[in-house]
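A short write-up of the structure that comes next.
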């Protein structure tokens, strides 16, 4: 994996953190975590074992939860900046903005646009410093989409899949970058593109698509394994034609992502996805555009004017245009609106995306040897602090040293 550039202004985390540890299957009510050299050095359940002597080194008592940092595989921007701006300084703004909400890793997500603009976005990420969340790779959403379900993708630049273009994107990446490509499986040349992407190590996802169940099944057999923002911008479920939604919820080996803002998907539909697909196959994403972390007003998603009011981002014709969701709110919504327990909701935002992209040996859990990517949460699941590879990148005061 490409190493995140480090900034001298970011202090290291305290060596010892004590509080409720959020593990994938349970909460350790009184837990101890040790951080050393950017990694998790140890994890202890103090109700079950005495734990090590932690009198040496700084200790922070967390009145709340210590969880792995969130990983957002679908994020376009935030803080007034968009990855499609092609500007390294804007990339830094997005990185810092989402760190305030507990995100420690993200995939820079592009839009349907001319090839040179997509390449410019990739180059800007390569040139940028990440003062907050680490950019783990790229999510190329479009340009290989279906016009019927284009959503907020610019129809002028929708085109058929091209293996040559895919290779030009990936040639601009950094060593170790993860790649995630959303396309319409029914598009001409899509199956060839899927097979090529799988050979290149990418995750391929169905999105902005009118594909039938059988077309999705054929794509799954070619290597596609994920559904982008389930229910949104795709053919829905019908009892005689299960469509994209029906296939995503039933075909073996599929994972799905949810924009859990309560706007894109009704809580009952989110609950249905969890029950049908299994919580272990559900990921939380923001699909955040540049207005995330910003007040209501007028913004842009790519070149499309977007109006943000009362937490909803819409094009001038009323269509949803990404979101202003943040990962901490997505987790809270899964707990408060859908009724999943906290370990399950956190795993959807951490372990599950890490597994999908082959990062679970480095990220997504509180376990010795993994990167010290952490989010400290209060009892209401608000973010107190964010730590990326042992660096404090956001702090409301809990980690400040006297």
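Readers should treat all values here as calculations from the given coordinates under stated rules, not as data from a laboratory. Predicted model only: the values in this text are computed from it and were never measured. Neighbour counts are summed over all protein chains in view; Cβ atoms, including those assigned to glycine, are modelled from backbone coordinates with ideal geometry.
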Looking only at Cα atoms, what is the convex hull volume of the chain per residue, in Å³?
128
When the helix-only estimate is applied to the chain (DSSP H runs of n ≥ 4, each -39,500 (n - 2.57), divided by the residue count), what is the mean residue ellipticity at 222 nm, nearest 500 deg cm²/dmol?
-6500 deg cm²/dmol
At 37 °C and a viscosity of 0.692 mPa s, what translational diffusion coefficient does Stokes-Einstein give for the stretch 1-155, taking Rh as the Kirkwood radius over Cα pairs? Give it in µm²/s as a whole number.
185
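Working out 0.36 nm times the residue gap between residue 361 and residue 341, then minus their Cα-Cα distance, what length gain in nm do you get to one decimal?
Computed gain between residue 361 and residue 341 is 4.8 nm.
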Please compute one quarter of the surface area of the Cα convex hull for the stretch 197-288 and express it in square nanometres.
5.9
Before anything else, pin down the relative contact order of the stretch 70-356: Cα pairs under 8 Å, at least 6 apart, normalised by residue count, whole percent.
18
Quick one: angle between helix 88-99 and the longest Cα principal axis of the chain, in degrees between 0 and 90, rounded to 10, please.
60
Extension gain (nm, one decimal) between residue 25 and residue 199, 0.36 nm per residue minus Cα-Cα:
59.3 nm
The stretch 100-172 to the stretch 272-288: how many Å between their Cα centroids?
22
Given contacts defined as C-alpha pairs under 8 Å and at least six residues apart, what's the relative contact order of the stretch 123-211, whole-number percent?
36
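How do 269, 323 rank when sorted from fewest to most other Cβ atoms within 10 Å of their own Cβ?
Details: 269 16, 323 29.
In order of increasing Cβ crowding within 10 Å: 269, 323.
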The Cα radius of gyration of the stretch 195-243, divided by 2.2 N^0.38 Å with N its residue count, comes to 1.17
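I need 39, 309 ordered by Cβ neighbour count within 10 Å, fewest first. Let's see the in-between values first.
Working: 39 16, 309 9.
Result, fewest neighbours first: 309, 39.
Going by how many other beta carbons lie within 10 Å of each one, how would you line up 250, 97, fewest first?
Working: 250 15, 97 25.
Ranking 250, 97 by Cβ neighbours within 10 Å, fewest first, gives 250, 97.
Find the relative contact order for the stretch 140-274 and round it to a whole percent, using C-alpha pairs within less than 8 Å whose residues are 6+ positions apart. Write down the numbers at each step before the final one.
Numbers: 239 pairs, mean separation 27.6, N = 135.
Value for the stretch 140-274: 20 percent.
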Distance from a point 7 Å along Cα→Cβ of residue 240 to each backbone N in the stretch 194-217: keep the residues under 17 Å and list them by number.
212-214
Seen from all sides and averaged, what is the projected area of the convex hull of the Cα atoms in the stretch 299-393, in nm²?
8.2
